1. When you scan the range C:75-91, how many residues do you find that are at pLDDT below 90 and open to solvent by 40 Å² or more (accessible area, probe 1.4 Å)?
2. Kindly indicate whether any position in the range B:19-38 is among the hydroxyl-bearing types (Ser, Thr, Tyr), touching a residue at least 24 places away in the same chain (Cβ under 8 Å), within 14 Å of chain C (Cβ to nearest Cβ) and open to solvent by 50 Å² or more (accessible area, probe 1.4 Å).
3. Residue check, B:VAL42 against (1) closer than 24 Å to B:MET185 by Cα; (2) outside any helix (DSSP H, G or I), all met but one. Which one?
4. Is it the case that some residue within the range A:57-68 is open to solvent by 10 Å² or more (accessible area, probe 1.4 Å) and outside any loop (DSSP other than H, G, I, E, B)?
5. Can we say A:LEU25 is in contact (Cβ under 8 Å) with a residue 40 or more places away in the chain, within 14 Å of chain B (Cβ to nearest Cβ) and within 13 Å of the chain's Cα centre (by Cα)?
6. Of all residues in the range A:32-45, how many are away from chain C (no Cβ under 14 Å), outside any loop (DSSP other than H, G, I, E, B) and either more than 24 Å from A:GLU5 (Cα to Cα) or touching a residue at least 12 places away in the same chain (Cβ under 8 Å) (or both)?
7. State whether the residues of the range B:309-322 include one that is within 30 Å of B:THR335 (Cβ to Cβ) and surrounded by fewer than 24 Cβ atoms within 10 Å (Cβ to Cβ).
8. Is it the case that the range A:109-128 has a residue that's open to solvent by 10 Å² or more (accessible area, probe 1.4 Å), closer than 23 Å to C:ILE87 by Cβ and part of a loop (DSSP other than H, G, I, E, B)?
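The values are calculated or read from the model by the stated rules, or taken from the named source; none is laboratory data. Since the model is a prediction, treat every value here as computed from it, not as a measurement. Neighbour counts are summed over all protein chains in view; Cβ atoms, including those assigned to glycine, are modelled from backbone coordinates with ideal geometry. Heavy atoms of the whole protein, side chains included, go into the accessibility calculation; ligands, DNA and RNA do not. Shrake-Rupley method; radii C 1.70, N 1.55, O 1.52, S 1.80 Å.
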Amino acid sequence: MDLKELLDESCIAMDVSFQQKAEVLDAMTKNLYEAGIINDKTQFRKAVEYRESLSETGLEDGIAIPHGVHACVNRAAISYVRLKEPIKWESIDGKPIQHVFLLAIPESGDKTHIRMLSQLATMLMQKKAREALNRIHTRQELYEIL
Amino acid sequence: MKEKLKALVVQPVLTGISYFIPVICMGGLLQSFGTILGGTGVAEATGTFAYYLYQGGTLTMSMVVPVLAAYIAYAICDRPGLAPGFLVGLLSVEYKIGFVGGILGGIAVGYFCKIVKEKLPLSKDLASLLPMLILPILGGLFVVLSMCYVLGPVLGGLQTYLSSLFAEMQSGSRIVFGMVLGALMGVDLGGPVTKIGTTVVNGLVADGILGPEGAKVCIGVTATLGIGLSTIISKKKYTAAQRATGKSAIILGCCQIAEGGLPILLADPLRVWPATILGNMVTGAIAMYFNVQSPVMMGGLFAFPVMKNVWPGAILSVAVGTLVTVILLALCRKTVSQKDPIVTQESTPVVQSNMQTSSVVAETIDTSDDLDIHIEFE
Amino acid sequence: MNIAAVTACTIGVAHTYIAKEKLIEAAQDRGHHICVETQGNIGIEDELSSEVIREADVIILAADISVAHQERFAGKPIVRVSSAVAIKQPKKLITTIEHKLSQENLL
């Protein structure tokens, strides 16, 4: 089992244009909802917003991993969006964000899947993985990195 | 040497204590509420709300020694210590060797499991059986053997011997009796030494002799109430955690739950014993002198309405005894060092919001502001 | 020096592990030996052994929630910070600790 299983193809969007963080999160929440991963858009969006209020979710070199824990999450999953232009987003190194991984975390459930979400966070801390993200063009290539 | 002893023995015991405090508080309070609501006959008033409260409290109190023993073992060897540790505690209750058995047994089984866990040479296949099979079997055997053949008989025998000594002593003057009872109850605040005295006293109630029981109720309040008040009066002699314990000790003391003072007693017995023992002796002597009588065994200040010779005897005995305890504590205890390690420091680093992408930014963040951290030392 | 650390964030899925990576990177950068335990949503991982704790010159607790089993660290110098400090200022954190410990003559 690897990270790919958590990333539904319908939840990947490449080179889309958004101006605001909130717009990105709205769109990604909608994707997760339509893929059947979450069953309540409003509740999940609130959970994500709560996490944003705790501390910045932007990592380094333009990658952000917003996330939310809520009972409305059916299974652990990831949604990925690569933005056409980086947008303003609070991050560790202060850089704007181009890659957004939204993690949907169930309140209870399979520990191995939740562990994989943690592994993604760890992986994205490696420079090599971040550089690879900037080179990809297709969904297939994203799967290969993971 | 002293440092080593502290790490090997004292720390685990303190861990055990920190886990049993809430158990004692819950049990003691439930018992007291039951006694207040149901009066003296609460233990027999089956089916009433007061009885249920009292019963819940009694059952909770029976968990105290098991929890103490289990978490002492847990502090030494982690999870494998819990199961045998609880058994040690249950057997200590069974053999009536109480806290002493729980502490000694908990330490013994903790180190036994630690040695097995770390030193037993096992092949890889067998190693996976260690936590689920080997440790429980060996730990259980060790507990049964050591408690039933060593600690139980030795400590139990000691207790029987002391009990008979005490029984002979009661023919002496009433005041000496009160002082002896007070001294016994001051040694371990509700533990096995206390039980030596209280068992005799409770037996006398059955024979219709209520004087010693009256003294017992008063003594049961004194030491713990004194310790509690001392944490307020002699603030500097206690850590912040102990001062918090002290507040509950006041309430527990008034309810005659002497165990409420144990956390502070056990942490530094040599400097607390003079106060608890002498304070209790004074209370015992005064109560016996005024022939304070009590038909109930529990309740503390709340039992006063049903007791005889409450004024001046009971009130005076508790007041003077408590005063002696507080004064002696102030004299004997050392001032706690000012480096009270109860600081939780959250520092708020500054993030530079820099829209210009450059790797220099990442570097400068680390040196931007002084990081205000505290290092806690025990 | 030898460092033992525990990281834990509120949600316990991402930043617990990011803080761990950051601490390891910064400590190794400064030539220290470090072990990091994570207390996340899925429980404790890479649990600090009693040996590691014994050898440690300092314990770093980078956590936004209360750290489990703190009694293990009795008698050790403890530094408490939020996980954000470990994530954003790991180097500063390590160098400040170096500085403070040498002031106390513990190194």
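1. Final tally of qualifying residues: 1.
2. Yes, because at least one residue in the range B:19-38 is among the hydroxyl-bearing types (Ser, Thr, Tyr), touching a residue at least 24 places away in the same chain (Cβ under 8 Å), within 14 Å of chain C (Cβ to nearest Cβ) and open to solvent by 50 Å² or more (accessible area, probe 1.4 Å).
3. If we test B:VAL42 against (1) closer than 24 Å to B:MET185 by Cα; (2) outside any helix (DSSP H, G or I), just (1) comes out false.
4. Keep residues of the range A:57-68 that are open to solvent by 10 Å² or more (accessible area, probe 1.4 Å), which gives A:60-61.
If we keep only those that are outside any loop (DSSP other than H, G, I, E, B) as well, we get none.
No, there is no match, as no residue in the range A:57-68 is open to solvent by 10 Å² or more (accessible area, probe 1.4 Å) and outside any loop (DSSP other than H, G, I, E, B).
5. Working: in contact (Cβ under 8 Å) with a residue 40 or more places away in the chain: yes; within 14 Å of chain B (Cβ to nearest Cβ): no; within 13 Å of the chain's Cα centre (by Cα): yes.
No, not satisfied.
6. Residues in the range A:32-45 being away from chain C (no Cβ under 14 Å), outside any loop (DSSP other than H, G, I, E, B) and either more than 24 Å from A:GLU5 (Cα to Cα) or touching a residue at least 12 places away in the same chain (Cβ under 8 Å) (or both): 7 in total.
7. For the range B:309-322, residues within 30 Å of B:THR335 (Cβ to Cβ) and surrounded by fewer than 24 Cβ atoms within 10 Å (Cβ to Cβ): present.
8. Checked against the condition, which is being open to solvent by 10 Å² or more (accessible area, probe 1.4 Å), closer than 23 Å to C:ILE87 by Cβ and part of a loop (DSSP other than H, G, I, E, B), the range A:109-128 yields at least one hit.
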